[in-house]
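The structure under discussion appears below in the form of C-alpha cells.
Read-outs: derived from the displayed coordinates by stated rules, not from any lab. Here the structure is a predicted model, which is why all the values come from computation and not from measurement. Neighbour counts are summed over all protein chains in view; Cβ atoms, including those assigned to glycine, are modelled from backbone coordinates with ideal geometry.
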Amino acid sequence: MCKRIKILSICIFVSGMLTGCWDRTEIDDINFILGMAIDKGEEEGYRVTYQWPSPELFSVQNPGQGSTTSFSVNGETITEAHRNITEISPRRPLFSHLETVIVGMEVAEESIANILDILGRQFQLRRTINIVLATNKAEDIIRSEVPFNKVSSTGITDLLNFSNRSSTYLNVTLSDFYTKYTDPDTYAYLPVVEIVSPEELTTLKQAGETGMVRAVSMAFINGGKIALVLPRDLSKAWLYTQGQIQKGAYTTSTIGGKQFSIRNIEQKGQTDVKIQNGTIKTAIKIKQDAFLNEIEEKHQQEINIEKLAHNVEKFVKEEVTRVVELSQKEGIDIFEIGRQVRENYPKKWGEVKKNWKEEYKQVEFDVEVKIEIHHTSALRKRGM
C-alpha cells in the first residue's frame, strides 16, 4: 500500500512539472502601446492616436535601429476607437507599458476627468503613467520629436521627470491627478506641452513631425473641465509657492539695467491660513538658497550680494502677487486655501463652502520672500 502511495505521489509531482502555459501569449503576438493622444474628431466623437515601437527598436543585436508607428483612428467613443485599432493591427494591443497620455485642449475643456476615468476602467492603466495637456492637438505632440528619443512618448516622460531646469511645470501621474480630483475642495492640475520650431524654439500652431515638444506651463481642472491655464511665467511663480522650484533651476532678473541669474540650491514654500475677526487671511512664505550663476563680465567687480538678493526677492514677490491676483479674479483657489479652512476651521468652512468661489476673492494674502545668495560660485575678483 505504501509503495502504491509513493508511486502515485511521484506521478502527480512529475505531471505537474510537465504541464505548460496553456494560455500563454507570445511576445510576437503583442503590440506594446507606449503613448496615446486624444483629440476631438473632425465632425464628432474622438480621434485617438496610438504610438507603438517596432520590435527592432529593442533588439539586442541592433539596438535603436527600429522605428515607431503612430496611427490615428476615429470612434464615437474612446472604447470604439480602441476596438477600431484592432482592425489594422494583427497584434493584440497591450497597455501595460503605456507611458504617456496626451489630451488635446479641446477635449480637456469639455471633460478631461471623464476621459481619464474611462481610460482607467477600460484600459487598466498603471497609475504611474504621465498625463499631459496639449496647447492644441494632442496628435501633433505625439507625432513630434523629443531630443535623444526615437519614441516621443518615452521622450515626454523623460522630459517631465528628469529635465525641468526652467521649473515652469510639475510632473503629474494618473495617481496624482485622481488624488486631487477626488477631493471636492481642491483643484487638480496637469502640465501643458506645446510644439516648437527646432531652430528657434518658437511656438508653432502645427508642426507634426517637423516640430519638437516643450513643456511650458500648468493648467487647473475643476468640475472635470479646464478652469485656468497659467502663463509660463506665472506657472513658475505658482511653483515657488508650492516649494517645487527644482534644484539647479534658474531665476533671471535685472538690477540697474544689469541682467543676472541665480541657480537654485534649495527652495521651500509654505501657505498658512488664519481666521482673524471673521476674515480669512493667508500668508505665503517663500525661502530660497541660491548661487549667483551669471552676470555680465563688465559688472562682476560691482557685485553686491545683499542688493542682488533683495532684488530677486522683490521680483519673486511681484510674480507671486500677480498669480494670486489672477486666481482671485477668476475665483480659482489654486493654493488650496479652502482645504486648509476645511481642516482647521470647520465651522468657518460650513459658512463659506457653498459660495467659496466668491468668498475666495475676498481672502487677504500676504507674500513673504527670503532669498539668500551664499556666494558667487565660480565668479571671483581678478587678482592684480
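Peptides 42-48, 315-321 ranked from most to least packed, by the mean per-residue count of other Cβ atoms within 10 Å: 315-321, 42-48. Our note on the geometry: Cα centres of the stretch 330-365 and the stretch 266-287, 13 Å apart.
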